[in-house]
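S.K.: Structure in structure tokens, see below.
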Amino acid sequence: MVEMNLNRRQFLKLSGATAATLAIVELGFNEQKAYAKSKEFKIAKATVTPTICCFCGVGCGILVHTKDNTVVYTEGDPDNPINEGKLCSKGTTLRQLYTSEKRMTKPLYRAPGSDKWEEKDWEWMLDTIAKRTKESRDKSFIVSENGVTVNRTEKIASLGGAALDNEETYLVSKLMRGLGVVYLEHQARI
Amino acid sequence: MTNHWNDLQHTDCALIMGANPAENHPISFRWLTKAKENGGKIISVDPRYTRTSAVSDIYAPLRSGTDIAFLGGMIKYALENNLIHKEYVVNYTNAPFIVADGYDFKDGLFSGYDQAKRTYDKTKWALAAGPDGKPVTDPTLENPRTVFQLLKKHYSRYDLDTVSSVTGTPKEDLLKVYKTFCETSKVGKAGTILYAMGTTQHTVGSQNVRAYAIIQMLLGNIGLPGGGINAMRGESNVQGSTDFGLLWDNLTGYLAIPKASVPEHATLDGYLKKETPPSGYWSNRPKFVVSLLKSWYAQNATAENEFGYQYLPKPGSKNYSHIFLFKAMYNKELDGAFLWGTNPVVGGPNAGKEKEALGNLKWLVAVDLWETETAAFWKKEAGSDPSKINTEVFLLPASASFEKEGSISNSSRWMQYRWKAIDSKGEARPDLDIIHELALKLKKLYAGDTSAQASPFLALDWNFGNGPECDIDLVAKEINGYDLTTGKLLPGFGALKADGTTTSGNWIYSGFYPEEGKNKSKNRDNKDTGGHHYLYWSFAWPMNRRVLYNRAAADLNGNPWSKEKAIIWWDAIQNKWVGNDVPDFNATLAPTAPGGTGAIMMNKDGVGLLYAPTMNEGPFPEHYEPFESPVPNAFSSVELNPAVVIHEGDFNKKGSKGTYPIIATTYRVSEHWQSGSMTRNQEWLSEIAGYMFVEISEELAKEKGIKNKDKIIVSSARGEITAYAMVTKRYKPFKVRGKVVHQVGMPWHFGYKGYVTGDTANRLTPHIGDANTQIPEYKAFLCDVRRAD
């Protein structure tokens, strides 16, 4: 088991809470004033876009405030009748899906037997994936079986989709069935 | 969900079982709290005293895996105390149907069992039919072969003493729950059942839900505001991804996949004849299937070529679901896999084996926001030797939900739109564009190929723009469907035809986009349109109906059973159904017309199935012990669900009660989500909930010399993990069949990546699934615990 190896200070740094703490110090510990001021700072002149929480199946509305090409603040959407502006701990921290330093920002490739990732461009990645898909499909494709047309491959699997949008799940469904994939699953079972 | 989140406020009693919404669906509790304020009661049935239990009126502990015993006792209680809604039962369920002579039940087995194959001949369970093919009924319910009498007989065995000794629930708690929930059988009252994976992740998961259905129909709770059976979904769009056919045996809209093993499926005509019932709403199936084929194969789908039916893949005679998929991977039968935001190395059952299986792939594509435990399975930090793993891995950075636009469907079937707030981080791209560009590249690779394997893929219509960016509006419209004779969008699935003149990519969603510029998932008018159904907020499939089977909230004549629970009713002057909700029924079919009382309209006979001869392990839910259980079955000599598939050998080792005497289950905490990749990669949530723990009772801690926060080792037949002990009063030992049995629980969110890490609970869970759905039995397995030092 690996221990959590971050101390409080590192967390503050990561979360940007240090800056907020300093601002409160400068404002002289008037909590109400500091709160009002910090709120004003954060969302002044920000663009507000409604979204729906990406976590559980309740479907709470969230407002995403963006400014200077970053997410500056998120809050519950008061107009959404399901949550009427309220959020749980996960919905509240939605902003960090954008700000987390752990976000993947480049396509990565791992060659057979290699012990590291390599950065590759999208074009190369998708071209190579398409090639692998075709190779595996072509060598395993079953057109008919006992006189019945079956048009399937049992060499390729597709898993997941519960975090995708409906339109995306529709395309996964259409593309995978279109290719003849029968090992098609998502998180409903797990 | 038959009902929806806001509707929970109308309930008189919420039975929460196999779920912990206060922690896992926190905002849902807003509406349960409102129900309480309105005088409603909340019951929590759970092995652990959860935060849901803490705010409930009644808490009843039960041993994991004994739900059917618990609920069977409630069925017996309701029947014997006449706490049922009789008129509802006689008219809206198959209670009066006569069961033919083939059905029998003896010592845990229904008739027609084949021991060697572990399957049943379900024809033995057929209902009696008259010369006209219609069911034979006895509305007095007195004939001993009526479903009602057989139900009564079956559950007469579920007496309080036996139930209590199996479930470990004290008798007084059982009675309190039974009495309180069965009060909703009164006209004017409605009870809801809320559940989640604590119900489904068992070898009898489907029958657990069936038991809910039986209870809700006996009490007359289906179709009513504040009633229904409500599955609380754990992922934001697991409802949508299921609706859109991302399970091996379903096409979109729950249309069964044609199978090579079913001889009739060899042709479209045969498939439609085999799968289409003579009555009930599914009699329209040919319209849905042909319209889907027209969406997928467009001009390549003609009457002459069975509308392209033969292009569809037909799976063979195997099962292709999650456990079987990983078994095939483990046995080196697969070449490659696509993972769309999923992390089976943490979330899959017997996860150690699932990780090993990945190393047998030639290539793996992971599309994710993070470098997950699964994408990095080949690394040293995963415990692997990279030099020995030859899998090529492609990790594609995906956009977060607010970096793109599109709709998702919540548990209430509400399809809500998410607008794009910001450009994707770095080079991340929406999954939509990734799938789209991959399809275009594959089309290019196959262009001009005249081989037999190329033709089904080349026939697939793919017109969402030619550039790397997919036109989402075209996708949305294709899902809704068009009238090909006019080129206009369809008003709904009522307009679908089986002659190839209409399209619809997913019939159950048809109607969400009825006219140009009117994508109803974008509706944001939050006015309460009556009954808190918010008909102008988003779009609920099907056809914006918010409470399914709402016809059942009215009596035979179309009048509400009560004014308290009125939702739709027949207006004789206007000659149509009116009310607060969109009728989940033919809106102009009078109660007096043929079929006018068939409230459960999706079923062939228009009634709910107290007796379901379609289930794999029998028409009535029967208690069997989990795959790994500390005690023998008290109800029969059959220990395990006789219809489950048992995976033998190294892929799924079974632990004995001698070596592993403690029951274990997994659960979630508020601050983390599923495999933790979305939350352990965030700072604040990581800080709040940073440690993998195992929750154990004070009694077990004492027995094992364990103190709170000690490091302990939990072992099962599949593996061992280390975690901190969390010693609480929330678990209490169970008294089961005369002996003391302990249960422990642990979150399944942890892995070796992220700001906070911990051992993976699913290293312990077994590879065995429910007999109908193959959902793994995560929620009841055997383990042992000991101090780590």
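All of the numbers you see were taken from the coordinates with simple rules; none came from a lab. Fair warning: this is a prediction, and the values are worked out from it, not measured in the lab. With ideal geometry, Cβ positions are generated from the backbone for all residues, glycine too; neighbour counts draw on all protein chains shown.
S.K.: With the dipole of chain B worked out from charges on the C-beta (+1 for Lys and Arg, -1 for Asp and Glu) around the Cα centre, which of B:Cys182, B:Tyr281, B:Val346 lies farthest toward the positive end?
M.R.: It is B:Cys182, whose Cα lies furthest towards the positive end.
S.K.: Indicate the gyration tensor shape class of segment B:649-787 (rounded, prolate or oblate), computed on the Cα atoms with a ≥ b ≥ c the square roots of the eigenvalues: a/c under 1.5 is rounded; otherwise a/b larger than b/c is prolate and the rest oblate.
M.R.: Verdict is oblate for segment B:649-787.
S.K.: Between B:Lys563 and A:Glu119, what's the calculated FRET efficiency when r is the beta-carbon distance and R0 is 51 Å? Round to 0.05.
M.R.: Efficiency computed from Cβ-Cβ geometry: 0.15.
S.K.: Fully extended, how many nm does the chain gain between B:Lys444 and B:Ser156 (0.36 nm per residue separation, minus their Cα-Cα distance)?
M.R.: Contour length minus the Cα-Cα distance gives 97.2 nm.
S.K.: Percent antiparallel among DSSP beta bridges with both residues in chain B, to the nearest 5?
M.R.: 50 percent
S.K.: Quick one: Cα convex hull volume of chain B, Å³ per residue?
M.R.: Cα convex hull per residue, to the nearest whole number: 170 Å³.
S.K.: Choose one of B:Pro135, B:Tyr611, B:Gln453: the residue whose Cα lies farthest towards the positive end of the charge dipole of the protein assembly as shown (beta-carbon charges +1 Lys, Arg; -1 Asp, Glu; about the Cα centre).
M.R.: B:Tyr611
S.K.: Taking neighbour counts of Cβ atoms within 10 Å as a proxy for exposure, in what order, fewest first, do B:Met197, B:Met678 appear?
M.R.: Ranked by crowding around the Cβ, least crowded first: B:Met197, B:Met678.
S.K.: Next up: What value does the protein assembly as shown have for Rg/Rh, both radii from Cα atoms and Rh as Kirkwood defines it?
M.R.: Across the protein assembly as shown, the Cα-based Rg/Rh ratio is 0.94.
S.K.: On to the next question. Rounded to the nearest 0.05, what FRET efficiency is calculated for A:Glu101 and B:Asp104 with R0 set to 45 Å and r the Cβ-Cβ distance? Don't skip to the answer; put the middle values down first.
M.R.: Details: r = 64 Å, r/R0 = 1.43.
In this case the efficiency is close to 0.10.
S.K.: Name the GluC sites (Glu not before Pro) in segment B:142-188 that are in a loop by DSSP and that have at most 14 other C-beta atoms within 10 Å, would you?
M.R.: B:Glu142
S.K.: Turning to a different aspect of this structure: Along the Cα→Cβ direction, 7 angstrom out, place labels at B:Val136 and B:Thr722. What is the inter-label distance in nm?
M.R.: For the pair B:Val136/B:Thr722, the computed spacing is 6.8 nm.
S.K.: Let me ask another. Using the number of other C-beta atoms within 10 angstrom as an exposure proxy, rank B:Ser637, B:Ser424, B:Ser241 with the fewest first.
M.R.: With the sparsest Cβ surroundings first, the list reads B:Ser637, B:Ser424, B:Ser241.
S.K.: Continuing with the same structure: Starting from the Cα of B:Thr119, move 7 Å in the Cα-to-Cβ direction to define the label point; list residues of segment B:631-664 whose amide nitrogen is under 19 Å from there.
M.R.: Only B:641-648 pass the distance filter.
S.K.: Mind checking the dipole of chain B: about its Cα centre, +1 per Lys or Arg Cβ, -1 per Asp or Glu Cβ, Debye to the nearest 20?
M.R.: Here the size comes out at about 1260 debye.
S.K.: State to the nearest 20 debye the size of the charge dipole of the protein assembly as shown about its Cα centre, where the only charges are +1 on K and R beta carbons and -1 on D and E beta carbons.
M.R.: 1400 debye
S.K.: Based on the mean of other beta carbon atoms within 10 Å per residue, what is the order of B:738-750, B:444-456, A:42-54, most packed first?
M.R.: B:738-750, A:42-54, B:444-456
S.K.: In peptide B:253-260, what is the residue-averaged number of other protein chain Cβ atoms found within 10 Å of each Cβ?
M.R.: 2
S.K.: For B:Met602 and B:Glu639, compute 0.36 nm times the residue count separating them, minus their Cα-Cα distance, and round to one decimal in nm.
M.R.: Extra length from B:Met602 to B:Glu639 when fully extended: 9.9 nm.
S.K.: Please report, in debye to the nearest 20, how large the charge dipole of segment A:141-190 is about its Cα centre when each Lys and Arg carries +1 at its beta carbon and each Asp and Glu carries -1 there.
M.R.: The dipole magnitude comes to about 140 debye.
S.K.: Another question, if that's okay. Sort B:Glu478, B:Glu427 by Cβ crowding within 10 Å, fewest neighbours at the top.
M.R.: B:Glu427, B:Glu478
S.K.: Rank B:Val740, B:Trp537, B:Val99 by how far each Cα sits towards the positive end of the charge dipole of the protein assembly as shown (+1 on Lys, Arg Cβ; -1 on Asp, Glu Cβ) and give me just the farthest.
M.R.: Going by the Cα projections, it comes out as B:Val740.
S.K.: What nm distance separates the two modelled labels at B:Glu699 and B:Leu556, each placed 7 Å from Cα along Cα→Cβ?
M.R.: So the label points at B:Glu699 and B:Leu556 sit 5.2 nm apart.
S.K.: While we're on this one: Counting partner chain Cβ atoms within 10 Å of every residue's Cβ in B:414-424, what's the average?
M.R.: 6
S.K.: Only Cα pairs under 8 Å and at least 6 apart count here; give the relative contact order of segment B:18-176 as a rounded whole percent.
M.R.: Working: 196 pairs, mean separation 37.0, N = 159.
Averaging sequence separation for qualifying contacts and normalising by length gives 23 percent for segment B:18-176.
S.K.: Below 8 Å between Cα atoms, with a sequence gap of 6+, how large is the relative contact order for chain B in percent?
M.R.: The value is 16 percent.
S.K.: Take every residue in peptide B:466-479, count the Cβ atoms of other chains within 10 Å of its Cβ, and give the average of those counts.
M.R.: Going residue by residue through B:466-479 and averaging, the value is 2.
S.K.: Which percent, nearest 5, of DSSP beta bridges in the protein assembly as shown are antiparallel?
M.R.: 55 percent
S.K.: Relative contact order of segment A:141-190, please, whole-number percent, based on alpha carbon pairs below 8 angstrom and at least 6 residues apart.
M.R.: The value is 43 percent.
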